[in-house]
1. To the nearest 0.05, what FRET efficiency results for Glu380 and His32 with a Förster distance of 56 Å applied to their C-beta separation?
2. Work out the charge dipole of the range 221-280 with +1 on the Cβ of Lys and Arg and -1 on the Cβ of Asp and Glu about the Cα centre, then indicate which of Ser252, Thr240, Ala266 is farthest towards its positive end.
3. Which order do Phe371, Phe382 take by accessible area at a 1.4 Å probe, largest first?
4. Over the range 129-206, what is the mean sequence separation of C-alpha contacts under 8 Å (at least six apart), divided by residue count, expressed as relative contact order in percent?
5. Have a look at Gln67, Met44, Leu21 and report the one farthest towards the positive end of the charge dipole of the chain, computed about the Cα centre with Cβ charges (Lys/Arg +1, Asp/Glu -1).
6. Using only alpha carbon positions, build the gyration tensor of the range 54-133, then give the equivalent ellipsoid semi-axes as the square roots of 5 times its eigenvalues, largest first, whole angstrom.
7. Can you tell me the accessible area per residue over the range 334-430, all protein chains present, probe 1.4 angstrom, in square angstrom?
8. When only C-alpha pairs under 8 Å and at least 6 residues apart count, what is the relative contact order of the range 1-138, in percent?
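The values are calculated or read from the model by the stated rules, or taken from the named source; none is laboratory data. In this text, all values refer to a predicted model and were calculated from it rather than measured experimentally. Positions of Cβ are backbone-derived with ideal geometry, glycine not excepted, and every protein chain shown enters the neighbour counts. For the accessible areas, the whole protein counts, side chains as well, though only heavy atoms, and no ligand, DNA or RNA atoms are used. Shrake-Rupley method; radii C 1.70, N 1.55, O 1.52, S 1.80 Å.
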Amino acid sequence: MAQNYFQKEIETMPLEEMRKLQSEKLVKQVKHVYENVPYYRNLMDEKGVKPEDIKGIDDLHKLPFLQKSDLRDAYPYGLLGTSLDNCVRIHSTSGTTGRRVVAFYTQNDIDLWEDCCARAIVAVGGTKKDVCQVAYGYGLFTGGFGLNGGSQKVGCLTLPMSSGNTERQVQFMNDLGATILCCTPSYAAYIGEYIKEQGIQPEDISLKAGIFGAEPWTEEMRKGIEKSLGIKAYDIYGLTESTGPGVAFECSEQTGMHINEDHFFAEIIDPDTGEVLPEGSKGELVFTSLDKEGFPLLRYRTRDICVLSREKCSCGRTLVKMAKPMGRTDDMLIIRGVNVFPSQIETVLLNEGYEPNYQIVVDRVKNNDTFEVNVEMTAEKFTDKVSEILKMEKSLANAMKTMLGINPTVRLVAPKSIARSEGKAVRVIDKRKLV
Ligand code: DLL
């Protein structure tokens, strides 16, 4: 059982001390944000809250919430917490209407983020003797760079594979003796199947643990991955708006993820009323970044539905635990680890001269997400020439790929063939059973 810590003093800090630390950081952060982020200052002024009103964590509830729509309205620099000169990197994720969310990082932000990922790696038994294969995407997505940084902090030999090219993944895994695999759970399951197809037994590879997140996955999936790769599979959670992976991580107990609450203060609220709910209640997860500089979001509504627990954990960590997210309050889909909003598809259709009559069909076949978009042909574009139709489908798929970063299969269907709804249009048919 892994009982090691990367930053023991923090990870096992008694609650009272943690509250003190969080309170000190919060008071400083609120003052800083009020003075430096006009967008949030206006929200505080509207609510009649001044920095002096926030004397500690118990006053947090007085602050206004931030939502994804605020990120869109403030795009790109409106929520920047410091001068651009102090920022060294951005990462980005989809927004609600096609406008992407851009998060800024100072070097300190990157450092604390990498510490969080290092905590996750050490919690699964990682040490400097390990070979850590990072098969999350590198680039604007936070997965690759986040785990890469954490792995280097631990001192592991880091393989920056990025996602895809499974043949090469398995070759490196074998040749370099990877012991820890980091990727989305669906990709891990896919690698497991690939290995089986190649006639490789789980005992033949040296992997011992996997750190899988960025999308919902079930306990059944965990069992399947553990069996096919012969490893222990651990969950990791995070979101671009609060750095990326490593906001929370699983330990040897595998019963929920410890939140790195010295950096991210978590609340559970009623998504309808905004009221803060007591520990153990199911509701929307809200994060306050206590010490981030580049993108210091206060009371950010994640839309993830979740439960927090302070039950004693056998790993010795005192950090509060979050259960696996149990869905979202908005319509965001996570397909192959990528966030997709139906509104993004709609934006592409309108840009390309189609009507917003479409349906997204998502399924999981052999642990791989399938992603189909059925779009009604318009009367103006109508043709019965197959080659023309194929060309139009391809061009729409390309435009969607540019918007979303992943490739859908686009199918043009006859005008008026997608059922009209009397209420809310049924835009998404998600056949995956994830909860
Ligand atoms: O997915 C960051 C990440 C990368 C996490 C690698 C873990 C590993 P975003 O692309 O901004 O960031 O998506 C954030 O993904 O609000 C959740 O809805 C979902 N999500 C992330 N981790 C998990 C998880 C990254 N372990 C959104 N289980 C979040 C379920 C998850 N959902």
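1. So the FRET efficiency works out to roughly 0.55.
2. Ser252
3. These residues rank, largest area first, as Phe382, Phe371.
4. Rounded, it is 37 percent for the range 129-206.
5. Gln67
6. 29, 19, 15
7. 53
8. Dividing the mean separation by the residue count of the range 1-138 yields 27 percent.
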